[in-house]
Amino acid sequence: MSSPGPGERAPPGTGLRKFLARPEFCRRRPSREALRRYDAALTHRSFAREQEPSPGVPRTGEEDYERLEFLGDRVLNLVVAGYLYSHHPEPEGLLTARMEVVKNRHLGSIVPSLGIGFEQMIRRGRSQPLTPRIIAGAFEAFIGALYLDAGFDRTREIVLALVGGEIEAFSPDRNYKKILQETVQKQYRILPVYRCVEREGSDHLPLFTYEVLVDGKRVGLGSGASIALATQDAACDGLKNLGRLPGTL
């Protein structure tokens with residue numbers, strides 16, 4: 001990425017283009033305007049403030065992810081609510097409980113476990129730590145940018161491909177990934193990393209094995225019929241090994 005001139009924001013670089021071209025998104029030729037929005041979606045206000053324009057240089061209104069977060073939150077909620085309504089013939093109270101999966105406190109732990117490196121794309125100020133709230137906000141903003149670029153139907157397909165398994169596996173009372181992330185951040189000030197160890201079985205009956213690492217060291221190992229279940233199992237194992245058993249926190 002080349003250095004910007006006075007009062008200019010550095011243009012989106014090849015790293016962002018490569019990320020958008022991933023098979024999960026397939027946005028290989030975004031327009032300049034779409035690319036600018038994706039860039040804003042991955043920019044925390046602490047970074048934007050460090051790039052303040054010179055006097056007399058107007059701001060664009062989307063220097064960071066906050067406006068796009070507002071839009072993406074609504075899009076994400078609609079996608080998940082529609083999915084739950086279609087796939088779970090349950091009373092309104094149970095559907096509302098399942099919607100907790102898209103709340104920031106849960107979303108911020110789910111996104112890093114997807115294994116797409118999303119959290120590594122977020123730009124923040126030099127003294128701003130990467131928190132679950134920032135990860136969740138940036139992800140919602142990214143969904144907003146995706147909606148404006150690709151439309152609702154394609155955005156819904158992408159969202160469900162990414163977090164459909166998480167929606168099915170989610171339990172607000174047993175979100176071990178959230179508990180582990182909070183534990184690790186409080187003690188080490190870093191995020192746990194999930195990594196696939198093995199995939200066995202057929203496409204119809206797969207078995208995934210995942211490990212969770214803290215500071216490069218394995219703290220937990222888990223298996224399941226989906227990535228979501230395997231990473232939850234690994235997080236639970238990690239909590240046990242760290243002496244933080246769920247239910248006794």
message = Within the stretch 188-207, take every residue that is among the aliphatic types (A, V, I, L, M) and part of a loop (DSSP other than H, G, I, E, B) and give me the one that is farthest from residue 120 (Cα to Cα).
response = 205
key: Unmet criterion (only one of (1) closer than 28 Å to residue 25 by Cβ; (2) touching a helix residue (DSSP H, G or I) at 6+ places or on another chain (Cβ under 9 Å); (3) not polar (S, T, N, Q)) for residue 200   = (2)
key: Pairs, first in a loop (DSSP other than H, G, I, E, B) in the stretch 49-74, second at pLDDT below 95 and basic (Lys, Arg), C-beta under 6 Å, six or more apart   = 51/9; 64/45
note = Exactly one of 126, 133 is of a type in the set (D, E, K, R) and part of a helix (DSSP H, G or I), and that one is 133
ask   = So which residues in the stretch 171-205 are among the aliphatic types (A, V, I, L, M) and touching a Phe, Trp or Tyr at 6+ places or on another chain (Cβ under 7 Å)?
value = 197
note = Checked the stretch 103-117 for anything in contact (Cβ under 8 Å) with a residue 40 or more places away in the chain and either over 12 Å from the mean Cα position of the chain (by Cα) or not in a loop (DSSP other than H, G, I, E, B) (or both); matches are 105, 106, 108, 109, 110, 112, 113, 114
task = Output the residue which, of all residues in the stretch 88-102 that are hydrophobic (A, V, I, L, M, F, W, C) and farther than 23 Å from residue 42 by Cα, is nearest to the chain's Cα centre (by Cα).
result = 99
query = Taking the stretch 212-232 as the search range and keeping residues that are surrounded by fewer than 22 Cβ atoms within 10 Å (Cβ to Cβ) and in contact with a Gly (Cβ under 8 Å, 6 or more places away or on another chain), which one is nearest to residue 111 (Cα to Cα)?
reply = 227
inquiry  = Quick check on the stretch 176-184. Is at least one of its residues surrounded by fewer than 19 Cβ atoms within 10 Å (Cβ to Cβ) and either among the small types (Gly, Ala, Ser) or without any contact (Cβ under 8 Å) to a residue 40 or more places away in the chain (or both)?
reply    = no
In the stretch 118-164, the residues that are touching a residue at least 60 places away in the same chain (Cβ under 8 Å) and either among the β-branched types (Val, Ile, Thr) or in contact with a strand residue (DSSP E or B) (Cβ under 6 Å, 6 or more places away or on another chain) (or both) = 122, 123, 134, 143, 155, 158, 159, 163
remark   = Exactly one of 98, 22, 37 is modelled with pLDDT of 95 or more, closer than 25 Å to residue 131 by Cβ, basic (Lys, Arg) and in a helix (DSSP H, G or I), and that residue is 37
query = Given 242, 229, 213, which one is over 20 Å from residue 169 (Cα atoms), in contact with a helix residue (DSSP H, G or I) (Cβ under 7 Å, 6 or more places away or on another chain) and at pLDDT 90 or above?
reply = 242
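The values are calculated or read from the model by the stated rules, or taken from the named source; none is laboratory data. Model, not experiment: these values are computed from the prediction. Note: ideal-geometry Cβ built from the backbone for every residue, glycine included; neighbour counts use all protein chains shown.
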